[in-house]
Amino acid sequence: MADCVFCLIRDGEIPSERVYEDDDVLAFKDVNPQAPVHVLVIPKKHIASLNEIQVDDGELHTQLLLATKAIAAQLNMAEDGYRVVVNTGDYGGQTVDHLHFHLLGGRSLTWPPG
Ligand code: AMP
Ligand code: ZN
């Protein structure tokens, strides 16, 4: 979508610090990090939210999860642990309407969220 921030990042029209990329998945550092490591993992295809994922995209869902796992390992978080968050809709606190996994780590995280 032309006015989607994450589509513009995917297309290189907004700068980002990329940490991972393959044909279908892109990951870059969150501009407002909430932990020492805060990466956003997105499908390159514009999917508005978790509410919009389709069974047909099954392979993409798997790729997103495996990429997230690989990035966590690449950033040395596999052993200590990390958190993956998918804010969805208003109550979920979603502010960018392009599906993204927050990958957070580098410190012990508290629970529950606010
Ligand atoms: P959410 O509130 O779950 O939709 O998360 C959106 C995230 O995108 C927030 O954590 C923002 O800090 C992050 N964000 C917004 N614009 C950018 C950008 N241009 N580059 C990197 N991260 C961004
Ligand atoms: Zn988009």
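Among residues belonging to the stretch 3-28 that are farther than 15 Å from THR68 by Cα and within 14 Å of the chain's Cα centre (by Cα), point out the one that is farthest from ligand 2 (Cβ to nearest atom).
So, considering only residues that are farther than 15 Å from THR68 by Cα and within 14 Å of the chain's Cα centre (by Cα), the one farthest from ligand 2 (Cβ to nearest atom) is GLU17.
Within the option set LYS29, LYS45, being surrounded by 11 or more Cβ atoms within 10 Å (Cβ to Cβ) and away from ligand 1 (no atom under 16 Å from the Cβ) holds for one residue only, LYS45. Every condition in (1) within 16 Å of ligand 1 (Cβ to nearest atom); (2) free of Cβ contacts under 8 Å to residues at least 60 places away in the same chain; (3) of a type outside the set (Gly, Ala, Ser) holds for PHE6 except the one numbered (2). If the condition is being loosely packed, with under 11 Cβ neighbours inside 10 Å and within 18 Å of ASP23 (Cβ to Cβ), then the stretch 48-58 contributes ASP56, GLY58. The set of residues in the stretch 31-87 being part of a loop (DSSP other than H, G, I, E, B) and of a type in the set (A, V, I, L, M) consists of VAL31, ALA35, ILE47, ALA48, ILE53, LEU75, MET77, ALA78, VAL86.
Every number here is computed from the coordinates shown, using simple stated rules; none is lab data. Note that the coordinates shown come from a computational prediction; the quantities given were computed from them, not determined experimentally. Note: ideal-geometry Cβ built from the backbone for every residue, glycine included; neighbour counts use all protein chains shown.
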